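A short reminder: the numbers here are calculations on the coordinates, not readings from a lab. This one's a predicted model, so the numbers in the text were calculated from it and none came from an experiment. Please note: Cβ atoms are built from the backbone with ideal geometry, for glycine as well, and neighbour counts cover all protein chains shown.
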Amino acid sequence: MKVISTEIHDALILEPKVFGDARGFFLESYNKRVLAEAAGIRAEFVQDNHSRSARGVLRGLHYQLQQPQGKLVRVASGAVFDVAVDIRRGSPTFGKVACIELSDVNQRMFWLPPGLAHGFLVLSDSADFLYKTTDYYAPEHERSILWNDAELAIPWPLEGAPVLSAKDVNGLPFAVAELFP
């Protein structure tokens, strides 16, 4: 596995070994030992999630203030523009943004440690987005930062207006959002 650092402390791009031929391909999407040895990730995952979204859907920027979730994310089908924002006030990269394209072609994964806000924009006709989490979903603790906050200046590759949920339309600006200490 190839491990690539990002603009955010401890957020990593992971490129698994892909074995392919004319029949298709094989890759390990999760191997506890390989993650620990190659990337230093010793997370205990408790939940797997799968979402499907259409082109132009933008989800995020989400996080849980209590029960923060580390996430190992990847795309099984399609392509997304994936975004992480460091909202840990004590972090050396507080306020930094990391962006990566995840797709069924590049097979990359993105490790987001607890304490980051996360979102993605679907670039393909549809995308199947898979993620493992280190804590359970707790809607009462979920928060949302405004996806187009000027202070964060995320370079979303938009073609027109994104498709948003009410929660994402009403996200708070980064400057006034509840963040981690």
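For ALA11, the residues whose amide H sits under 5 Å from its own are THR6, ignoring neighbours fewer than 5 places away on the same chain, with H placed 1.01 Å from N. Using Cβ point charges alone (K and R +1, D and E -1), the dipole size of segment 2-169 about the Cα centre works out to roughly 300 debye. Across the options TRP147, SER124, HIS50, the greatest Cα extent toward the positive end of the charge dipole of segment 2-169 (unit charges at beta carbon of Lys, Arg, Asp, Glu) belongs to HIS50. Distance from the alpha carbon centroid of segment 29-44 to that of segment 89-166 works out to 21 angstrom. Computed from phi, the 3J(HN,Hα) profile of segment 144-157 under the Karplus parametrisation 6.51, -1.76, 1.60 (θ = phi - 60°) reads 9, 9, 4, 4, 10, 4, 5, 5, 7, 6, 5, x, 4, x Hz, with x in place of Gly and Pro. Per-residue Karplus couplings for segment 22-30, computed as 6.51 cos²θ - 1.76 cosθ + 1.60 with θ equal to phi - 60°, are listed in order as 4, 7, x, 8, 9, 8, 8, 7, 8 Hz, Gly and Pro entered as x. Of the trypsin sites (Lys or Arg not before Pro) in segment 5-40, which ones lie in a loop per DSSP and count no more than 10 other C-beta atoms within 10 Å? Sparse-neighbourhood loop trypsin sites (Lys or Arg not before Pro): ARG23.
Here r is the Cβ-Cβ distance between GLU44 and GLU159 and R0 is 35 Å; the resulting FRET efficiency, rounded to 0.05, is 0.35.
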